[in-house]
Amino acid sequence: MTLDLMQKSEIQQLVADAYRALEETPGGPAARFYADDQLTALPDGAVEWALGVGNPVASAELAPGEVVADLGCGSGIDTLLAAGLVGPTGKVIGIDFLAEMAERARSFAAKAAAGNVEIHQAEMESLPLPNSSVDVVISNGSINLSARKSRVLAEAHRVLRPGGRLCVSDLTICEEDLPAEILTHPSAWAG
């Protein structure tokens, strides 16, 4: 059993502060995980805000007509790529707890004319979605930012339809191997 060294609100504040401190366009450090044809399909500015740690869309095997939830959608790069794959008969729901990121994702979805995208400002530990309402849950470098990872996974399970899929790109560490001063450092949670 691990000892909680920080409260959920403290971790959320560290993450919020780190993302709010980003330059106007952070330069898209995650763009290297995507194929050129994926990147050219995105609206101007979206690639520069790609902050994930992988490309869950490439492995999610999305099909036309599916409903996808993108947990911790950030500015929406994976949301938009998924929207293109599920097509007009499908839907992608982006979730981000930061108002600024949710608004950025809405803006990029509007620029892309992605009518099958909706963005919610909400916590991934408490999804504003009905039980068994999505076919696929994706997440890119966001679950690691949660103080309640098991709750995030429980929520993903709750909203997935029977036979649904979970496709995550993320970072993991063994907390028991790290001293408290590392585990409570802002960069450990949001860097």
Subject >> Table column - 3J(HN,Hα) (Hz), segment 35-41, Karplus curve with 6.51, -1.76, 1.60, x for Gly and Pro >> reply: 6, 4, 5, 5, 5, 5, 7
Original post:
What list of ³J(HN,Hα) values in whole Hz, one per residue of segment 130-135 in order, does the Karplus curve 6.51 cos²θ - 1.76 cosθ + 1.60 (θ = phi - 60°) give from phi, with Gly and Pro shown as x?
Top reply: x, 4, 6, 10, 10, 8
Original post:
Which order do peptides 142-153, 123-134 fall in by mean Cβ count within 10 Å, highest first?
Top reply: 142-153, 123-134
Original post:
Based on the Cβ-Cβ distance of Ser107 and Ser132, what FRET efficiency does E = 1/(1 + (r/R0)^6) give at R0 = 30 Å, to the nearest 0.05?
Top reply: 0.45
**OP:** Along Cα→Cβ, 7 Å out, is where each label goes; now give me the distance between the ones at Glu100 and Lys149 in nm to one decimal.
**Re:** 2.6 nm
Subject >> Nonlocal amide H pairs with Gly94, under 5 Å, H built at 1.01 Å >> reply: Asp70, Glu118, Ile119, His120
Subject >> Residue-span extension gain [Ala41 to Ala58] - 0.36 nm each, minus C-alpha spacing >> reply: 4.7 nm
Subject >> Residues with amide H under 5 Å from that of Gly45, placed H, sequence gap 5 or more >> reply: none
**OP:** Work out from phi, with θ = phi - 60° and the Karplus expression 6.51 cos²θ - 1.76 cosθ + 1.60, the ³J(HN,Hα) of each residue of segment 152-164, listed in order in whole Hz, and give x for Gly and Pro.
**Re:** 4, 5, 5, 5, 4, 4, 4, 7, 6, 6, x, x, x
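Values in this text are rule-based calculations from the coordinates and carry no lab data. The structure presented is a predicted model; accordingly, all values stated were derived computationally and were not measured. For neighbour counting, all protein chains shown are included, and Cβ atoms are generated from backbone atoms with ideal geometry for every residue, glycine included.
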